[in-house]
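Following: one structure in structure tokens, then a few remarks.
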Amino acid sequence: MGDDDGAVVVSPPVEVMRPRAARSVPASNGLPGGVQYSVKLDGLRIVAFARGGGRAVLQSRSGRDRAADFPAIAAGVAALPTGVVLDGELCAWKDGAFAFTELLRSRAARERDGVALSYIAFDVLAVPGRDVREEPLGERWELLTGVLRDAGPPLQQVMATTVRREAEQWEPTLAPLGVEGLVCRGLATRYRPGDPQSRWLKIRRSESYDALLVAVTGPADRPRAALLQLTDGRRVLCSPQLTPVQRHQVGDAITDRVGPARSDPEHGELRPVEPALPAEVEITAGGPHRPVRFVRVRAE
């Protein structure tokens with residue numbers, strides 16, 4: 001089937017739901033229709049479109065199509081019924097744990113090191129011939145289960161429950177695997193970005209650490225991301241990228257320290273910062289490949 005047969009009713013780009021941070025796990029009746037609790041995975045947020053004719057679009061948070069970067073995932077999505085649109089996380093798995101930083105490396109580097117990729121869907125926006133964003137989550141969840149029933153790896157459905165005690169017990173078990181928390185959604189809510197009545201909540205644990213800012217990506221005066229050296233010697237790019245405010249702060253702080261751009265085999269084009277600057281970072285509780293979030297440059 002193709003785009004012209006009526007199966008495709010939702011096309012890219014689409015706006016996505018964004019969970020709001022919460023401090024505690026809501027009671028089972030704390031959201032409209034009761035709460036669904038699902039594991040919060042740290043990957044690349046991807047809206048996946050099955051376009052027919054062996055084609056797929058993997059829309060990133062910025063609106064880019066990442067299908068060429070992740071061909072195995074694109075092939076799995078393309079094999080779904082034409083018109084299906086999923087929302088989920090594209091995740092990497094290495095050394096027995098989720099490994100977000102592997103997604104920031106080149107495709108060749110991931111393949112060389114045997115990094116496994118999967119697309120873990122937590123919602124469905126469309127099925128063939130039908131936009132389901134106005135259906136309640138409970139119905140969308142049943143549709144998602146049906147869509148993925150025969151799909152198999154690298155596509156799968158996120159782990160979820162409606163039992164609060166069960167969800168709270170996941171943390172000590174799954175944190176070492178890189179699961180960073182919970183997402184909580186009301187079973188009666190629609191997929192309406194920006195609607196407070198349809199809000200999603202996220203709960204995650206993180207801890208503050210010292211690090212060194214050793215390089216940046218992007219323009220020297222307004223860098224996009226920071227390469228950070230952790231106390232164990234590892235060097236990782238911050239995730240997510242720097243906010244507009246942080247870009248100004250870091251750009252001002254490295255004015256007299258930043259060098260010309262040079263190519264790095266793991267992280268692409270970098271501008272070294274010498275001497276390195278002390279920084280504060282947050283690392284989500286979990287496994288060995290946890291994302292590192294830049295907080296601020298520390299005073300020397």
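Quick one: dipole size for the range 206-297, taken about the Cα centre, charges +1 on Lys/Arg Cβ and -1 on Asp/Glu Cβ, in debye to the nearest 20.
200
Enter the mean projected area of the convex hull around the alpha-carbon atoms of the chain, in nm², rounded to one decimal.
Here the figure is 16.0 nm², rounded to one decimal.
Report ³J(HN,Hα) in whole Hz for each residue of the range 218-224, in order, from the Karplus equation J = 6.51 cos²θ - 1.76 cosθ + 1.60 where θ = phi - 60°; Gly and Pro get x.
Along the range 218-224, the couplings run x, x, 5, 7, 9, x, 8 Hz.
Any idea what the relative contact order of the chain is, in percent, if you count C-alpha pairs under 8 Å spaced at least 6 apart?
Once divided by the residue count of the chain, the mean separation gives 20 percent.
About the Cα centre of the range 26-153, how large is the charge dipole given +1 on each Lys and Arg Cβ and -1 on each Asp and Glu Cβ? Please answer in debye to the nearest 20.
400
Using the beta-carbon distance between Ala116 and Tyr209 and R0 = 30 Å, what value does 1/(1 + (r/R0)^6) give for FRET efficiency, to the nearest 0.05?
Result of the calculation: an efficiency of 0.65.
Given R₀ = 41 Å, FRET efficiency for Gln229-Asp131 by Cβ-Cβ distance, to 0.05?
0.30
Every read-out reported here was derived from the displayed coordinates using simple, explicitly stated rules and does not represent laboratory data. Just so you know, these numbers come straight off a predicted model, no measurement behind them. Cβ sites come from the backbone with ideal geometry, for glycine too, and all protein chains shown count toward neighbours.
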